[in-house]
Amino acid sequence: MARRILITGASIAGNVAAWWLGRSGYDVTVVERAPAFRDGGQNVDVRGVGREVLRRMGLERAALDAGTGEEGTAWIDGEGRIAARFDLAGFESGGPTAEMEILRGDLARLLYEPARERARYRFGESVVGVAEERDDVAVTFAGGGTERYDAVIVAEGVGSSTRELVFPGENDPRWMDLTIAYFTIPRTPDDTRMWRWFNATGGRGISLRPDRHGTTRAMLTLRQRPGAEQDWDVARQKALLRERFADAGWQADRVLAGLAQADDFYFDVLRQVRMKRWSSGRVVLTGDAAWCATPLAGIGTTLAVAGAYVLAAELLRQDDVAAAFSAYDRAMRPFVERGQGVPKIAPKLMNPLTPLGIRLLHGVLNVASRPAVRRLGTALSFGGSAEPDLSRYAERPI
């Protein structure tokens, strides 16, 4: 009889794992707390081994075609002029904008559509109890009832409730002293295909990014120590942003007007998930629930895609669940640790407090954008030996 697998979370990592395990004949169920599939979200990018996984799934071309069309990144000064510019054409793999820039929801749907042909999806459902048995694990659901599985894959977000059920108090988060709000605003004629980033004094930032849906993706950043703002209600979070950005300049008025009407608002006090172990018995973590690196790392989606693939491949290669989980940990941990190696000074450098600090940042970025420096930066960019070796897995593991 095929192994019965439960996956909690129907975003990037959960759908990748469901695709691979389902196509190989496993009996896969995916539960998702949201009442329906979630299309929303901001820009993400996929690089390196993440793209190789999509290639093996036959989805690389579709992901490129569904991309946002972003052509590069530009920092804007107080006069609205470009202070530094990184064009995608000169920075194919190592720049702020990747060749594969896509909205989170668009990528998740691209993965979900074929995955749901191979797995059962239950929306509006979550896990409230997990009990390890001798030969399986009993899972109790919020909607009622208990079912047994050979393994449970927790592919939820940074605040995963299922992780806390199985690994209570084991996450030792690393707070990054940066808060980010994401939402969608109406597009205007002067919006370009560039990711435009504006720094205001006080460690504030406004950025605007293109999409292919006729709208613009906005992001507001605040350099500050965490104060449990992630637990505030949306009205209070929006009020904080209106107060802090009222005099920010550039397109702050337009962005705050869009904030008032936004129905896809997401507020994140950045913290990394730090776990000494990713598995307990027959339960295993993957994606942000296991190792959230935060958007500062620029590698989160690549980690999610690669991690879910490696986990599924190891489950398919080995009869023993514990051995598969151990092999997955060995393959992914160096990659995760490198991805989480963002220095805590990074948010301070990229979000200066003073006009002088902003001018210095723009000067450094302007130098870094020059061709010779770009080539050096690409040569030293993230990747290399820390990435899991996918050659050990068949192109389509079964």
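Read-outs: derived from the displayed coordinates by stated rules, not from any lab. Bear in mind that the values here come from a model prediction, so they are computed numbers and not experimental data. Backbone-built Cβ (ideal geometry, glycine too); neighbour counts: all protein chains shown.
Each part reduced to its alpha carbon centroid, region 56-80 and region 296-327 end up 26 Å apart. Note down the net charge around residue 300, summing +1 for each Lys or Arg and -1 for each Asp or Glu among other residues with Cβ under 15 Å from its Cβ. Neighbourhood net charge equals 0. A convex hull fitted around the alpha carbon atoms of region 47-160 yields 177 Å³ per residue.
Its residue count N fixes a reference of 2.2 N^0.38 Å for region 95-152, and the Cα radius of gyration divided by that reference is 1.65. Result for the chain in a Gaussian network model with C-alpha springs under 10 Å: among 215, 294, 286, the largest mean-square fluctuation is at 215. GNM remark for the chain: springs join alpha carbons under 10 Å apart, and the peak mean-square fluctuation among 136, 106, 190 falls on 190. With N the number of residues in the chain, Rg(Cα) / (2.2 N^0.38 Å) evaluates to 0.99. Based on every Cα atom in region 73-221, Rg and the maximum pairwise Cα distance Dmax equal 21.5, 67 Å.
With no solvent and one point on each alpha carbon, what is the Debye value of log10 I(q)/I(0) for region 246-300 at q = 0.23 Å⁻¹? Each listed q corresponds, in turn, to -0.93.
Taken over region 53-116, the ratio of Cα radius of gyration to 2.2 N^0.38 Å equals 1.41.
Rounded to whole Å, the principal axis extents of the Cα atoms in region 222-267 read 28, 24, 13, largest first.
Of all aspartates and glutamates in the structure, those lying under 12 Å Cα to Cα from residue 348, and not within fewer than 8 positions of it along the same chain, are 177.
Here is how the number arises for the chain: DSSP H runs of 4 or more residues each give -39500 (n - 2.57), the sum is divided by the residue count, and the result at 222 nm is -10000 deg cm²/dmol. Take the alpha carbon gyration tensor of region 262-360, find the square roots of its eigenvalues, order them as a ≥ b ≥ c, and report rounded if a/c is under 1.5; if not, report prolate when a/b exceeds b/c, else oblate. In terms of gyration-tensor shape, prolate. A protection proxy built from the mean count of other Cβ atoms within 10 Å ranks the segments 141-147, 308-314, 164-170, most packed first, as 308-314, 164-170, 141-147.
Ranking 289, 324, 84 by how far each Cα lies toward the positive end of the dipole of the chain (charges on Cβ) leaves 84 at the top.
Summing Cβ point charges (Lys, Arg +1; Asp, Glu -1) relative to the Cα centre of region 210-358 gives a dipole of roughly 500 debye.
Rounded, prolate or oblate: which fits region 282-340 when a ≥ b ≥ c are the square roots of the eigenvalues of the alpha-carbon gyration tensor, with rounded for a/c under 1.5 and prolate only if a/b beats b/c? In terms of gyration-tensor shape, prolate. This model, with +1 at the C-beta of Lys and Arg and -1 at the C-beta of Asp and Glu, gives the chain a dipole about its Cα centre of some 760 debye.
The distance linking region 220-272 with region 149-198 is 15 Å (Cα centroid to Cα centroid, whole angstrom).
Local charge for residue 131 was computed over the other residues whose Cβ lies under 15 Å away, with Lys and Arg +1 and Asp and Glu -1, and equals -3.
Put a dot 7 Å past the Cα of residue 277, heading toward its Cβ, do the same for residue 254, and the two dots end up 5.3 nm apart. Within 10 Å, Cβ to Cβ, of residue 13, how many net charges do the neighbouring residues add up to if Lys/Arg are +1 and Asp/Glu are -1? With Lys, Arg at +1 and Asp, Glu at -1, the net is -2. If the elastic network links every pair of Cα atoms under 10 Å, which of 260, 83, 63 fluctuates the most in the Gaussian network model of the chain? So, out of 260, 83, 63, the one fluctuating most is 260.
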